[in-house]
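The values are calculated or read from the model by the stated rules, or taken from the named source; none is laboratory data. Since this is a predicted model, take the numbers as computed values, not measurements. Here the Cβ is made from the backbone with ideal geometry for all residues, glycine too, and neighbour counts use every protein chain on show.
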Amino acid sequence: MIINFNNLKDEVLRENITNIFSIALKQTKTKDNISVNITVVSQNEIRRLNNEFRGVDKVTDVLSFPLFEKDEIKGEEMLDNFITSDIGDIVICKVRAKQQAQEYGHSLLREFCFLALHGLLHLLGYDHIEKQDEEVMFPLQKQILQKAGLINEL
């Protein structure tokens, strides 16, 4: 697995994201020959991207830009055809991550890891638009966060 960190210099954060991605790949039975780009941006930049690509003119916490359709990435044959396959980009808003960490009463480390994981699961074809998809994705997120030791039980 290759993770290209753009604008994210904190080594502890990078190590934790790498760990949570490794757990996620095992939990989703995804081969580890993937490459992902993670970029941390300002509120203005994520708002611009959200508006440009989703038609939503507001700041958000994380955006995912998959390079494959949902069914393509889930198929083993797609990952078998490449030594390393770039599956897409994850963009995280630093200010929103800080705000949400405070709002939810947990560390910035935990919030960044959650947002990166959420983005990765979208790149792997998981979604939460429909209720039945949410019922798969959200428990999976929680399970991975627990395995990584980053969950806050309420």
I83 passes all but one of (1) farther than 23 Å from R110 by Cα; (2) hydrophobic (A, V, I, L, M, F, W, C); (3) surrounded by 12 or more Cβ atoms within 10 Å (Cβ to Cβ); (4) modelled with pLDDT under 95; which number fails? (3)
Residue by residue through region 104-154, note down the ones that are at pLDDT 90 or above, over 13 Å from V62 (Cβ atoms) and touching a His at 6+ places or on another chain (Cβ under 7 Å). M137, F138
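Considering only residues that are assigned to a loop (DSSP other than H, G, I, E, B) and out of contact with any Ser or Thr (no Cβ under 6 Å at 6 or more places or on another chain), which ones fall in region 8-56?
Taking region 8-56 and keeping what is assigned to a loop (DSSP other than H, G, I, E, B), we get 8-10, 28-33, 42, 55-56.
Across region 8-56, the qualifying residues are L8, K9, D10, T28, K29, T30, K31, D32, S42, G55, V56.
Specify which of the listed residues (E52, E15) is surrounded by fewer than 16 Cβ atoms within 10 Å (Cβ to Cβ) and under 25 Å from S107 (Cβ atoms).
Working: E52 fails: under 25 Å from S107 (Cβ atoms).
When all the criteria are applied, what remains is E15.
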Suppose we filter region 101-154 for residues that are aromatic (F, W, Y), assigned to a helix (DSSP H, G or I) and surrounded by 14 or more Cβ atoms within 10 Å (Cβ to Cβ); how many remain? 3
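Per-residue answers, yes or no, for (1) under 17 Å from A97 (Cβ atoms); (2) among the aliphatic types (A, V, I, L, M):
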{"residue": "L25", "(1), (2)": "no, yes"}
{"residue": "T30", "(1), (2)": "no, no"}
{"residue": "N33", "(1), (2)": "no, no"}
{"residue": "V36", "(1), (2)": "no, yes"}
{"residue": "I46", "(1), (2)": "yes, yes"}
Enumeration of residues in region 57-73 that are at pLDDT below 95, in a loop (DSSP other than H, G, I, E, B) and out of contact with any strand residue (DSSP E or B) (no Cβ under 8 Å at 6 or more places or on another chain): E69
Are there any pairs, at least 6 apart or on different chains, whose C-beta atoms fall under 6 Å, with the first in region 114-135 and within 15 Å of T18 (Cα to Cα) and the second part of a loop (DSSP other than H, G, I, E, B) and modelled with pLDDT of 95 or more, and if so, which? L115/D61
